[in-house]
Amino acid sequence: MSCSPTKAATRTYVAILALLLFLPACSGRTSERTADAPAAPLTPVSAPADHDARMAWWREARLGMFIHWGLYSIPAGRWGDQTNHAEWILDTAHIPVERYEQLAGDFNPVKFDADAWVRMAKDAGMKYIVITSKHHDGFCLFDSKHTDYDVMSTPFQRDILKELAEACERHGLVMCWYHSIMDWHHPDYLPRRGWETRSAQGADFDRYVRYMKAQLAELVGNYGHIGVLWFDGEWENTWTHERGVDLYRYVRSLQPDIIINNRVDKGRQGMGGLTREGTFVGDFGTPEQEIPPSGLPGVDWETCMTMNDHWGFNAYDQNWKSSTDLIRKLCDIASKGGNFLLNVGPKADGTFPPESVDRLADIGRWMRRHGESIYGTAASPFVDPLAWGRCTTKALDGDRTRLYLHVFDWPMDGKLKLEGVRNKATRAVLLSQDGHPAVRFTQSGRTITFDVPMQAPDPFASVIAVDFEGAIDVMRPLTVTIAPLAGGAAVTIAGAPRGSEIRYTLDGGEPTPDTNLYRGPFTLTRTATV
């Protein structure tokens, strides 16, 4: 490895030939994970113990259902000659508000069955449901005393959210609301869309905020316990950090243990969904349609994702993710310590698209056998993704730890290798077969070799559960970074296990316990062999 600063006169060559890493006996401590771009912690608004207590059920759940449903399901993606619309159709098709309002007269989902929806979510292994109480178009799926632009003014005339909340209570799921800060219908919401003809004269954004708060009081006060208020539409310039903090505190005043996402404030970093540096409120980050590439220690986050390319129902969108892809995404997200909020866009008649139903059924069958490898697990202790799949972890009684190995690429030779664990393995079983048969293994140094069947027992992701003594301690690969400086180069060495030390030399000799102790980045001003 070499480095050359831009000026030839000060060029310094650094050859990294050898590093000596002194490791103590297994310490029983968990290795910390690193992130490619660590998210900033959200501003604490309650004591850590209180925050952890509020988040406990959500961290245990790991898998939830997102539902985008409203008037936009009626055109089913088509307006004029274009078929690429969905829940944004009012804006993307430039539909005048007074024309879009007419869709309410056609909203009559006579096949809607709240129990059937909740049972499908429960059978898929989902623990909570987040549904659009109001999307950006301003139409409300609940009986609101503060507007006539709601489901009670349609031919259906039934409070959809009430029926779903009651069904969740019966079936043991947590009811949650998505609520848009942005509202293209309300006369006081600003700014107007660039293509709109409605005048903004007389609009009062503060009056709109009072209207929104009044509806949030209905949503939190009239439907029993609500797990999450999932805000969206915060990116326009009329919404400010100060308004976000105020709204967060307002909702928490209505229900102190409610969980609120970071989109209530202005700190979200685009579709990545995590909160940038600063003092922003919110209880978890919200990556959209993507999974963070690495773990995010100390940060709660949830990936929301569609099964095809649209959130709302689009009858022309047949680009469906496979069940294999969705299940492996769930494993990937859990292995990084996140939740998976998987979307369904119901049809105008109140039924789920059959493609969604099929995928939910596949996920449910997989979760019934492998759910313990997802629910209540923590992130993988391995910094890099494992070559054959993913890993989740769970602390057990008696100072023991269990790793769940989610194997995507099953070994053709019947030998699965796990590298780098310093703890002693005591037991391994195959979750993917009835009876959880024992898996034979040998452990040599930091390598464990499992004797597995020649064929993968599960077509989506096979899982082996392995128990270890103590908390997991993983040997991480060292990384050496050389950054050019004027007149030299800065050398940084990272990745040493906790409790270890690094010794190095600058003359190419073998390090010993008496040579230089690495305490942090150091600078070289001459050519050296490290």
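Brief remarks follow.
- Ser462 being among the polar types (S, T, N, Q), at pLDDT 85 or above and either within 31 Å of the chain's Cα centre (by Cα) or on the phi > 0 side of the Ramachandran plot (or both): yes
- Segment 245-294, residues that are of a type in the set (D, E, K, R) and under 16 Å from Phe231 (Cβ atoms): Asp246, Arg249, Arg252, Arg263, Asp265, Lys266, Arg268, Asp283, Glu288
- Residues in segment 473-530 that are assigned to a strand (DSSP E or B) and hydroxyl-bearing (Ser, Thr, Tyr) were compared, and the one that is modelled with the lowest pLDDT is Thr479.
- Residues of segment 399-423 that are open to solvent by 40 Å² or more (accessible area, probe 1.4 Å), of a type in the set (Lys, Arg) and farther than 17 Å from Val439 by Cα: Arg400 alone.
- Here is the figure for segment 264-301: residues that are open to solvent by less than 10 Å² (accessible area, probe 1.4 Å) and either without any contact (Cβ under 8 Å) to a residue 60 or more places away in the chain or among the aliphatic types (A, V, I, L, M) (or both) total 6.
- Here Leu190 clears all of (1) closer than 28 Å to Asp349 by Cα; (2) aliphatic (A, V, I, L, M); (3) not in a strand (DSSP E or B) except the condition numbered (1).
- Some residue of segment 292-301 being at pLDDT 95 or above and over 30 Å from Ala56 (Cβ atoms): no
- Residues in segment 329-346 that are over 18 Å from Ala121 (Cα atoms) and open to solvent by 10 Å² or more (accessible area, probe 1.4 Å): Asp332, Lys336, Gly337.
- Residue under evaluation Gly194, criteria (1) of a type outside the set (S, T, N, Q); (2) open to solvent by 60 Å² or more (accessible area, probe 1.4 Å); (3) more than 27 Å from Ile67 (Cβ to Cβ); (4) under 26 Å from the mean Cα position of the chain (by Cα), criterion not met: (4)
- Residues that are part of a helix (DSSP H, G or I) and either open to solvent by less than 10 Å² (accessible area, probe 1.4 Å) or not aliphatic (A, V, I, L, M) (or both), drawn from segment 117-154: Trp117, Val118, Arg119, Ala121, Lys122, Asp123, Val151, Ser153
- Criterion (free of Cβ contacts under 8 Å to residues at least 12 places away in the same chain and open to solvent by 50 Å² or more (accessible area, probe 1.4 Å)) met by exactly one of Asp257, Asp246: Asp246
- Segment 52-73 - residue that is out of contact with any strand residue (DSSP E or B) (no Cβ under 9 Å at 6 or more places or on another chain), under 24 Å from Arg252 (Cβ atoms) and of a type outside the set (A, V, I, L, M, F, W, C) and, of those, modelled with the highest pLDDT: Glu60
- Hey, Gly267 modelled with pLDDT under 95, farther than 21 Å from Met65 by Cβ and in contact with a His (Cβ under 9 Å, 6 or more places away or on another chain) or not: yes
- Counting the residues of segment 215-243 that are in contact with a helix residue (DSSP H, G or I) (Cβ under 6 Å, 6 or more places away or on another chain), surrounded by 13 or more Cβ atoms within 10 Å (Cβ to Cβ) and in a loop (DSSP other than H, G, I, E, B) gives 4.
- Note on segment 325-430: enclosed strands (runs of 3 or more DSSP E) holding 2 or more residues that are within 30 Å of Ser73 (Cα to Cα) are 339-344.
- Considering segment 381-398, and only residues there that are within 21 Å of Ala56 (Cα to Cα) and at pLDDT below 95, the residue that is most open to solvent (accessible area, probe 1.4 Å) turns out to be Asp397.
- Single residue of segment 442-453 satisfying the filter (part of a strand (DSSP E or B) and among the hydrophobic types (A, V, I, L, M, F, W, C)) that is surrounded by the fewest Cβ atoms within 10 Å (Cβ to Cβ): Phe450
- Any hit, segment 163-184, residues being touching a residue at least 12 places away in the same chain (Cβ under 8 Å), open to solvent by 40 Å² or more (accessible area, probe 1.4 Å), farther than 22 Å from Arg99 by Cα and part of a loop (DSSP other than H, G, I, E, B): yes
- Top-ranked residue of segment 95-116 - restricted to ones that are part of a loop (DSSP other than H, G, I, E, B) and not aliphatic (A, V, I, L, M), ranked as farthest from Arg359 (Cα to Cα): Pro96
- All positions within segment 454-469 that are touching a strand residue (DSSP E or B) at 6+ places or on another chain (Cβ under 7 Å) and either hydrophobic (A, V, I, L, M, F, W, C) or open to solvent by 10 Å² or more (accessible area, probe 1.4 Å) (or both): Ala456, Pro457, Ala461, Val463, Ile464, Ala465, Val466, Phe468, Glu469
The values are calculated or read from the model by the stated rules, or taken from the named source; none is laboratory data. For clarity, every value in this text was computed on a predicted model and none was experimentally measured. Cβ coordinates were reconstructed from backbone atoms using ideal geometry, including for glycine residues, and neighbour counts include every protein chain displayed. Accessible surface areas use protein heavy atoms only, side chains included; no ligands, DNA or RNA. Shrake-Rupley method; radii C 1.70, N 1.55, O 1.52, S 1.80 Å.
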